[in-house]
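Participant: My structure is below; once you've seen it, I'll send some questions.
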Amino acid sequence: MNFGGLSERDSVFESSQFVVISLPYDETASYQKGTVDGPKAIIEASAQVELFDEELESETYKLGIHTYPAFDISGKPEAMIEKTLNVYRKLMKTDKVLVGLGGEHSVSYGPIKAYHEKFPNLSVLQFDAHADLRDGYEGEKFSHAAVMRRVCELCPVTQIGIRNYSKEEYPLIFGKNNISTFLWHKTQPLEKYHDVILNTLSDVVYVTIDTDGFDPAILPATGTPEPGGLSWKDATGLLKEVALHKKIVGFDIVELMPLENNKVSDFTCAKLAYRLMGYSALSLGAL
Ligand SMILES: [Mn+2]
């Protein structure tokens, strides 16, 4: 099964602008397990996404979307990161846009490291309920709860939707250590903050979307849900502004924990992945 249920012609590697990479991993999850099944659920739901994007009025899939063959990343975080990094480094010798599907949030580190190697002026835009700035969690330096701490050691990070952070993380927030944090309760309505958010980003942006950044009312299938958070309009409104002013060179969507009897979250992630491919293409002048 490939992303979008596309024909061979629209999904062959050589001519595809986008490569969808499954990152099924949940070894350090702290509350509930199940994000390992996220990538498969998003790809399954993507077959239901209308290929004509109603907002962009485009058929993004005609740029080509290749689904990369599955590879095993289970095991210790360091080994998972090494494996992911190698795949990304190899694929980044092309000019394709890589789309990672998680998996818990720790899977984002390898992709961001590879992107930063290629684009030294990279900045990262993160949607998340959690700051993920702990210096390790339960003894694990590369835990899902510490991933953005590791990322901000590489490049600047801008955090949106944050409404859960520890006392230890608090001094790191508010403009220090490469981090611009927009606390959810202090950034309402979000569109009022678009300009100041854009000003924290460099010209080359990697987007990492933790599904719990969304309001769990619209995206309940996530491992560590938190009340409040982004609406669909908040998310797409900001991402479109980013696309109009910056280059979106890669992105990932992580922490989907599929539910058996409720597919709304799977579909939302699939549609968001497709919309973000469109925004990326728009930002790179390909649409
Ligand atoms: Mn989170």
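Each value in this text was obtained by applying a stated rule to the coordinates, not by laboratory testing. Predicted model only: the values in this text are computed from it and were never measured. Using ideal geometry, Cβ is built from the backbone for each residue, glycine included, and neighbour counts are taken over all protein chains shown.
Participant: Net charge near PHE52: determine it from the other residues with C-beta under 15 Å of the C-beta of PHE52, scoring Lys and Arg +1 and Asp and Glu -1.
Facilitator: Combined, the nearby Lys, Arg, Asp and Glu give -4.
Participant: Karplus couplings for the stretch 187-197 from phi (6.51 cos²θ - 1.76 cosθ + 1.60, θ = phi - 60°), rounded to Hz, Gly and Pro as x?
Facilitator: 10, 10, x, 4, 5, 5, 9, 3, 5, 5, 5
Participant: Does anything in the stretch 203-229 have its amide N under 19 Å from the 7 Å Cα→Cβ label point of SER166, and if so which residues?
Facilitator: Counting only backbone N, you get 223-226.
Participant: Along Cα→Cβ, 7 Å out, is where each label goes; now give me the distance between the ones at LYS247 and ALA217 in nm to one decimal.
Facilitator: Each label point lies 7 Å from its Cα, and together they span 4.0 nm.
Participant: May I pose another question? Once you charge only the Cβ atoms, +1 for Lys and Arg and -1 for Asp and Glu, what is the size of the charge dipole of the chain about its Cα centre, to the nearest 20 debye?
Facilitator: Using Cβ point charges on Lys, Arg, Asp and Glu, the chain gives about 680 debye.
Participant: Per-residue counts of other Cβ atoms within 10 Å, averaged by peptide: what ranking do you get for 188-200, 126-138, highest first?
Facilitator: 126-138, 188-200
Participant: Using the structure shown, list the pairs from LYS83/LYS233; LYS93/LYS246; LYS118/LYS141 with a Cα-Cα distance above 26 Å, or answer none. Don't skip to the answer; put the middle values down first.
Facilitator: Details: LYS83/LYS233 35 Å; LYS93/LYS246 22 Å; LYS118/LYS141 24 Å.
Beyond 26 Å: LYS83/LYS233.
Participant: Under 16 Å Cα to Cα from LYS113, which aspartates and glutamates show up? Leave out anything in the same chain fewer than 8 places away.
Facilitator: GLU78, GLU82, GLU153, ASP252
Participant: Sticking with this structure for a sec: Is it possible to state the helix-based mean residue ellipticity at 222 nm for the chain, with each DSSP H run of 4+ residues giving -39500 (n - 2.57), the sum divided by total residues, to the nearest 500 deg cm²/dmol? What is it?
Facilitator: -8500 deg cm²/dmol
Participant: What residue among ALA273, LEU198, THR60 has its Cα farthest toward the positive end of the dipole of the chain, where the charges are +1 on Lys, Arg and -1 on Asp, Glu, each on the Cβ?
Facilitator: Highest projection toward the positive end goes to LEU198.
Participant: Return MET257, MET148, MET92 ranked ascending by Cβ neighbour count within 10 Å, so the fewest neighbours appear first.
Facilitator: Result, fewest neighbours first: MET92, MET257, MET148.
Participant: Please state the charge dipole magnitude for the stretch 216-280, taken about the Cα centre, from unit charges on C-beta atoms (+1 on K and R, -1 on D and E), reported in debye and rounded to the nearest 20.
Facilitator: 380 debye
Participant: Here is a follow-up. How many nm is it between the label spots at ASN262 and GLU54, if each spot is 7 Å from the Cα in line with the beta carbon?
Facilitator: Here the answer is 2.3 nm between the modelled labels.
Participant: What does the highest-first list of 61-72, 245-256, 262-273 look like by mean Cβ count within 10 Å? Spell out each step's value before the answer.
Facilitator: Numbers: 61-72: 17.4, 245-256: 23.9, 262-273: 20.8.
Ranked from most to least packed, the peptides come out as 245-256, 262-273, 61-72.
Participant: Could you tell me the calculated FRET efficiency between GLU138 and ALA70, based on Cβ-Cβ distance and R0 = 35 angstrom, to the nearest 0.05?
Facilitator: Details: r = 28 Å, r/R0 = 0.80.
Rounded to the nearest 0.05, the efficiency is 0.80.
Participant: In the chain, what % of DSSP beta bridges are antiparallel (nearest 5)?
Facilitator: In the chain, approximately 10 percent of DSSP beta bridges are antiparallel ones.
Participant: Would you please give the FRET efficiency between GLU82 and LYS192, computed as 1/(1 + (r/R0)^6) with r the Cβ-Cβ distance and R0 = 35 Å, to the nearest 0.05?
Facilitator: For R0 = 35 Å, the calculated efficiency reads 0.25.
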